[in-house]
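The values are calculated or read from the model by the stated rules, or taken from the named source; none is laboratory data. Quantities reported herein were computed from a predicted structural model and do not represent experimental measurements. Quick reminder, even Gly has a Cβ in these numbers, built from the backbone with ideal geometry, and neighbours come from all protein chains shown. Just so you know, the surface numbers come from the protein's heavy atoms only, side chains and all, with ligands and any DNA or RNA stripped out. Shrake-Rupley method; radii C 1.70, N 1.55, O 1.52, S 1.80 Å.
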Amino acid sequence: MIPARPSLLLLVALLAALPSLLALGLYGVFEPPDAAGYLAYAAQVRSHSVPVGHDLLYGAAGRISLFRIGGYPALLAGLQSLAPGQWRWLLVVLQIAAQSAVAAASYAAAGRLGATRWPALAAAVLPAFGYVLVMNICVLTDSLNAAAITGAALALLLRPDWRGAALAGLLLGVSESFREATVYLVFAYLPLALLARPRWLCALLVLVPVWAVVAAQVAWNVARGAGPVLTTSKQLVMVMALLPLFKQHLPVYNDDPVFAAAAQGTLDQDRDGEIDRFWDRLYAQGYTPVSIAAEAAHEYGTAWRRFPLPMLEMTLQNFRYDNLFMPFEPQKAAAMLSFYENGHRPDFDRLGTQWRAFMHGDMAAGLWLLLSEILGIFGMAISLAGLIAPWRRRGTWRERAVWCIPMALAAIYMPVHLEARYLVPAVPLVTVLAAAGVRAFPFKKT
């Protein structure tokens, strides 16, 4: 086991913070399109104008607070009240600090699992050069949510007792207040919690905070007239999940005439913004966000029964092979920074464009293609090592328990909608598993 002295952990945290601090200095703070909903919700919290009753269900302002769970908007509102002119910088510093703490904990956890110093250091620092550095400087839930999800697993690894379980449960409760999918993900932590002592108490300590957050959010929605609903995000994600079926001209929504009529000329068109028009047609028919979300979830389940093979194909296609590059993908991080700054994908991230330039004699394009391939192969090698290594040796039950969490993350999002940022919490766990599992891949000495 490598030593985890406080000074060394601080050094690891500082190294992990440097890429994000550099990006912050170059680009400032980003507010992507998704940030608008959180900011509008935060404005309602600050002005004490969160809608209730009829306004909640039928007013445009009510849709804002029903669509999102309240933790991140409440954080934004608190920071805005604390520092009206500097709240964005406070938020980003908090996000970078949280991810730096994850890096230090990753180094310690890799050592606890038997990794030597340099693989442990790589496991801690390499993810900081990837997609997370973009999320760290964005007004989005992803950075803090990822830190909480990853930190919960690392807490159970470093303290396999009730104290570690209590911290893990608290972090997962925070994650649930930012993104409601944690209510499903939490079950992936049970194998790790059951390896701690006392096992059943640890399991409860992991589960109960998430359930408490869910109960509190549902109770609040009931109290203000929305009924027993957590959020109405299903009105978007469950509709988006079926868009590939519309492109295949399958008879989606045929058992619901109102939904089917609203989908004609909207969801069957391959254009941006059509889901908003779909909703507007339903609102005109007297639907509310709650009823749309409920019906969209029902129709999603019906689609699996009626079209199992197209749905399975769509689910598998949601995972792209280049998601495996994420453990070390600085070129993609640079491309995403440019995208958030300019609003369009840069040419250096278009491999087809680079290939054509190379074929016309542009050697710089050829070198960039080569570098991208090398970095991609390196990132994929780390991913495959982390996902395979726990199963190559006997007795690696803790590693196998950790393995369940990144697998569950992918499994939860793949059937509906999977973006690379949703996998950010998995990256440090995969790199830790890879660092610990290096010895599972014997190399012949020459």
*For segment 133-149, in order, what is each residue's ³J(HN,Hα) by Karplus, 6.51 cos²θ - 1.76 cosθ + 1.60 with θ = phi - 60°, in whole Hz (x at glycine and Pro)?*
5, 6, 5, 4, 10, 10, 7, 8, 6, 4, 5, 5, 4, 5, 4, 5, 5
*Which Cα, out of Ile149, Val102, Ser81, lies furthest along the positive dipole direction of segment 53-164 (beta carbon charges, K/R +1, D/E -1)?*
Val102
*Rounded if a/c is under 1.5, else prolate if a/b is larger than b/c, else oblate: which is segment 85-190, with a ≥ b ≥ c the root eigenvalues of its Cα gyration tensor?*
oblate
*On a 0 to 90° scale, report how tilted helix 308-317 is relative to the longest principal axis of the chain, with both axes built from alpha carbons and the result rounded to the nearest 10.*
50 degrees
*asked:* Please list, by residue number, every one of the trypsin sites (Lys or Arg not before Pro) in segment 312-363 that is coil in DSSP and has at most 12 other beta-carbon atoms within 10 Å.
replied: Arg320
*By per-residue mean of other Cβ atoms within 10 Å, what is the highest-first order of 359-366, 404-411, 229-236?*
229-236, 404-411, 359-366
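How large is the accessible surface per residue of the chain, computed with a 1.4 Å probe and reported in Å² as a whole number?
It amounts to 46 Å² per residue over the chain.
Could you quote the convex hull projected area for segment 171-224, Cα atoms only and averaged over all directions, in nm²?
Orientation-averaged projected area of the Cα hull: 3.7 nm².
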*P(r) histogram, all alpha-carbon pairs of segment 241-330 included - 5 Å bins from 0, percent*: 2, 13, 21, 21, 17, 10, 7, 5, 3, 1
*Cut-off under 5 Å, modelled amide H: who pairs with Ala181 long-range*: none
*Using a 1.4 Å probe on the protein chains only, how many percent of the accessible area of segment 367-446 belongs to carbon and sulfur?*
71 percent
*Using θ = phi - 60° and the Karplus relation 6.51 cos²θ - 1.76 cosθ + 1.60, list the HN-Hα couplings for segment 201-207 in order, rounded to whole Hz, with x at every Gly or Pro.*
5, 4, 4, 5, 5, 6, 7
*Pop out the carbon and sulfur fraction of the accessible area of segment 14-164 as a percent, whole number, probe 1.4 Å.*
67 percent
_Kirkwood hydrodynamic radius, computed over distinct alpha-carbon pairs, for the chain: how many Å, to one decimal?_
23.4 Å
*asked:* Show me, for segment 339-352, the HN-Hα J-couplings you get by feeding each phi into the Karplus relation (A = 6.51, B = -1.76, C = 1.60, θ = phi - 60°), rounded to Hz, glycine and proline as x.
replied: 5, 5, 6, 9, x, 9, 6, x, 4, 5, 9, 9, 5, x
*Over the heavy atoms of Trp368, what accessible area does a 1.4 Å probe trace out, to the nearest 10 Å²?*
70 Å²
_Packing-based order for 69-76, 297-304, using average beta carbon neighbours within 10 Å, highest first_ = 69-76, 297-304
*Identify, among Phe278, Tyr340, Ile405, the residue whose Cα sits farthest towards the positive end of the charge dipole of the chain, taking +1 on the Cβ of Lys and Arg and -1 on the Cβ of Asp and Glu, with the dipole about the Cα centre.*
Ile405
*segment 313-331 and segment 104-152: distance between their alpha carbon centers, rounded to Å*: 18 Å
